Amino acid sequence: MKMIRKAGFMFVLAMVFMAGCTGSNGKNGAIGATGPQGPTDPTVSWVLPVQGANDVYTDSVIKVGFAKPMDSSTINASTFSVSTSGITVTGTISYNAGSQTAFFDPNVPLAQFGYYTASISTGIKDSSGNPLPAAYTWSFTAGGSSTPMNLYISDFGAGAILVFNTAGSAQGNIFPDRNISGAATLLFGPEGIWLDKASDRLYVVNLGANSIEIFENAGTANGNIAPSRTIVGASTGLSGPSGIWYDSASDTLYVTNQSANSIEAFADVSTLSGNVAPSRTISGSNTTLQSPIGIWYDSTSDELYVANFNDASIDIFDNASTLNGNIAPSRIISGSNTTFVDPIALWLDDSSDQLYVTDYSKGAVDVFDNASTVNGNIAPSRIISGSATTLKVPWTIWLDSSNNRLYVSNSGGPSVLVFDGANAINGNVAPSRTISGANTAFTSPIGLWLDMNP
């Protein structure tokens with residue numbers, strides 16, 4: 001009994017002691033041994049260009065990464081600024097919640113060899129309303145050139161692959177730097193293209209000839225040159241081939257077949273030539289494939305995304321690396337809420353978990369949040385459309401996430417459109433740059449590939 005009383009007494013003493021030591025909610029954590037964790041100040045994780053950087057590309061976007069989710073409404077021209085020689089630089093400011101990154105995209109390229117200072121103020125707050133504890137400022141110097149990028153365009157009507165250098169700043173009625181065309185190329189209605197950078201090899205899906213043309217030495221290929229190899233013939237199963245995806249890890253080329261309502265997978269494609277059968281074929285009524293065109297393979301989740309042109313839908317297949325036969329998709333994005341008319345091409349942005357879809361007839365780019373789980377009759381979170389966009393029969397899309405830019409091949413332009421501030425643009429917005437005019441040699445640009453480090 002005494003022992004029980006003593007234990008009870010000690011328990012009461014312990015409770016009193018703990019109560020005396022309990023901390024209050026500290027701004028940066030607990031005060032006292034048992035105080036609950038208080039809110040943490042938002043901090044800057046990284047910036048680009050980095051402090052003191054020299055020879056920064058003149059078409060660079062200034063970026064700030066934060067350590068926690070931020071309130072996007074507090075990131076604006078009054079809290080995020082860039083200046084040079086005391087003059088404020090104008091630009092588009094946006095915030096990507098997925099990557100917790102703020103972007104400042106200058107309205108005009110940085111001046112060659114100009115010295116710039118970027119600054120964010122304490123007016124920026126996190127999603128809980130906590131402000132930055134102190135302003136953050138850093139400086140850098142612009143170089144003498146824009147980002148080296150080569151833009152490859154397949155032109156269906158011209159039977160050509162057109163290559164433009166310095167795609168990061170190219171605009172207007174400009175001549176291509178290279179033009180792969182002529183009878184020897186065997187290009188007849190080229191659509192999807194894929195540059196295997198590691199092997200300097202260009203794959204071209206040739207709808208008009210039901211073939212795949214393969215060009216070696218892609219980085220210098222020019223003029224009326226013959227392909228190194230051609231995959232063609234009845235055994236290939238190619239019938240209206242359009243979309244293309246190359247998985248370098250397995251050396252497998254996926255091709256969508258508009259006419260056959262199928263997807264052909266060619267293993268060991270880097271050595272294939274002639275009338276060869278695919279290693280796998282995804283087809284049949286269960287697949288719901290109806291004139292499939294756009295294709296995207298997510299190697300992380302082993303999922304295959306396919307744009308169904310005639311069914312106004314996006315099919316998503318699990319276990320894509322082994323998929324074969326009459327298999328039903330795991331998810332389908334379709335229904336009136338999607339606003340799809342003729343979805344034609346795809347881009348999956350893993351960093352923000354967003355799916356971009358070009359719509360051929362609607363003249364739009366639809367953006368869906370939560371791409372990894374989206375399913376059913378879901379409305380897009382953003383729709384880029386309207387007369388100001390000049391989108392007419394948009395086809396392939398490319399998201400340059402490093403510079404927060406969206407490239408769209410505009411077959412009905414004919415043109416290539418470039419939209420800055422890609423992670424936030426919505427509605428009837430004009431492109432930042434347009435590549436168009438007689439000198440471009442465009443007739444119906446379809447396939448698009450941006451070589452970021454030529």
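Each residue of the range 164-180 in turn: what ³J(HN,Hα) in whole Hz from Karplus with 6.51, -1.76, 1.60 and θ = phi - 60°, glycine and Pro shown as x?
Ordered by residue, 3J(HN,Hα) equals 10, 7, 6, 4, x, 9, 4, 6, x, 8, 10, 7, x, 7, 9, 9, 8 Hz.
Could you work out the mean projected area of the convex hull around the alpha carbons of the range 170-295, in square nanometres to one decimal?
Values: hull surface 34.4 nm².
The Cα convex hull of the range 170-295, projected and averaged over all directions, gives 8.6 nm².
At Ala184 and Asp302, where each label point lies 7 Å from the Cα along Cα→Cβ, what is the point-to-point distance in nanometres?
For Ala184 paired with Asp302, the spin-label model returns 4.5 nm.
What list do you get for Met149, Met452 if you sort them by fewest beta carbons within 10 Å? Let's see the in-between values first.
Working: Met149 23, Met452 14.
Listing Met149, Met452 from fewest to most nearby Cβ atoms yields Met452, Met149.
In sequence order, what are the phi-derived ³J(HN,Hα) couplings for the range 128-140 according to the Karplus relation 6.51 cos²θ - 1.76 cosθ + 1.60 with θ = phi - 60°, rounded to whole Hz, with x for glycine and proline?
Karplus-based 3J(HN,Hα) across the range 128-140 equals 9, x, 7, x, 4, x, 7, 5, 10, 10, 8, 9, 7 Hz.
Let me know the Kirkwood hydrodynamic radius for the range 44-142, please, with Cα pairs as the basis and the value in Å to one decimal. The partial results should precede the final answer.
Numbers: mean 1/r = 0.0741 Å⁻¹.
That comes to 13.5 Å for the range 44-142.
Using θ = phi - 60° and the Karplus curve 6.51 cos²θ - 1.76 cosθ + 1.60, what whole-Hz ³J(HN,Hα) does each residue of the range 87-100 get, with Gly and Pro shown as x?
Values, residue by residue: 9, 6, 8, 8, x, 8, 10, 8, 9, 9, 5, x, 9, 6 Hz.
Going by how many other beta carbons lie within 10 Å of each one, how would you line up Ile87, Ile161, fewest first? Please list the in-between numbers first.
Numbers: Ile87 8, Ile161 27.
Neighbour counts put them in this order, fewest first: Ile87, Ile161.
Quick one: Debye curve from the alpha-carbon atoms of the range 305-454 only, equal weights, vacuum; give me log10 I(q)/I(0) at q = 0.12, 0.18 Å⁻¹ to two decimals.
Log10 I(q)/I(0), no solvent term: -0.49, -1.06.
Give the value in nm², to one decimal: projected area of the alpha carbon convex hull of the chain, averaged over all directions. Before the final figure, lay out each step's value.
On the way: hull surface 116.5 nm².
Over all viewing directions, the chain projects a mean Cα-hull area of 29.1 nm².
Please report Val89, Val418 as a ranked list, fewest other C-beta atoms within 10 angstrom at the top and most at the bottom. Intermediate values should be presented prior to the final figure.
Numbers: Val89 19, Val418 24.
Listed from fewest to most nearby Cβ atoms, that is Val89, Val418.
Would you work out which of Leu304, Ile93, Val61 lies farthest towards the positive end of the dipole of the chain? Charges go on Cβ: Lys and Arg +1, Asp and Glu -1.
Ile93
What whole-number distance in Å separates the alpha-carbon centres of the range 130-153 and the range 36-89?
Computed from Cα coordinates, the inter-centre distance equals 9 Å.
Under 14 Å Cα-Cα from Lys197, which aspartates and glutamates qualify once same-chain neighbours fewer than 8 residues away are excluded?
Once the sequence-local aspartates and glutamates are set aside, what remains near Lys197 is Glu216, Asp247, Asp251, Asp451.
Helix-derived [θ] at 222 nm for the chain: sum -39500 (n - 2.57) over DSSP H runs of at least 4, divide by residue count, nearest 500? All intermediate terms of the calculation are to be shown ahead of the outcome.
Details: 1 runs with 20 residues, N = 454.
The per-residue figure over the chain is -1500 deg cm²/dmol.
Report, in whole Å, the centroid distance computed from the Cα atoms of the range 316-386 and the range 109-126.
That distance is 36 Å.
Over the range 163-239, what is the mean sequence separation of C-alpha contacts under 8 Å (at least six apart), divided by residue count, expressed as relative contact order in percent?
Details: 133 pairs, mean separation 20.4, N = 77.
Taking the mean separation of contacting Cα pairs over the length of the range 163-239, I get 27 percent.
Amide H to amide H under 5 Å from Asp177: which residues, 5+ apart in sequence or cross-chain, H placed 1.01 Å off N in plane?
Under 5 Å from the amide H of Asp177: Val163, Phe164, Asn165.
What is the gain in length, in nm to one decimal, between Ala379 and Ser83 on full extension, counting 0.36 nm per residue of separation less the C-alpha to C-alpha distance?
Working: separation 296, 0.36 × 296 = 106.56 nm, distance 3.97 nm.
Here the answer is 102.6 nm.
Please list, in chain and number order, the residues 5+ apart from Leu448 or on another chain whose amide H is under 5 Å from its amide H, with Hs placed from the backbone.
Amide H neighbours of Leu448: Ser154, Ile193.
Taking amide H atoms as placed 1.01 Å from N in the peptide plane, list the residues 5 or more away in sequence, or in a different chain, whose amide H sits under 5 Å from that of Ile244.
Those qualifying (amide H under 5 Å, at least 5 residues apart or on another chain) are Thr256, Ile295.
Near Lys362, which aspartates and glutamates are there with a Cα under 16 Å away, not counting those fewer than 8 places off in the same chain?
Here the aspartates and glutamates satisfying the reach criterion relative to Lys362 are Asp311, Asp342.
Read-outs throughout are calculated quantities, based only on the coordinates presented, and are distinct from any laboratory measurement. Keep in mind that this is a model prediction, so the values were computed, not measured. Positions of Cβ are backbone-derived with ideal geometry, glycine not excepted, and every protein chain shown enters the neighbour counts.
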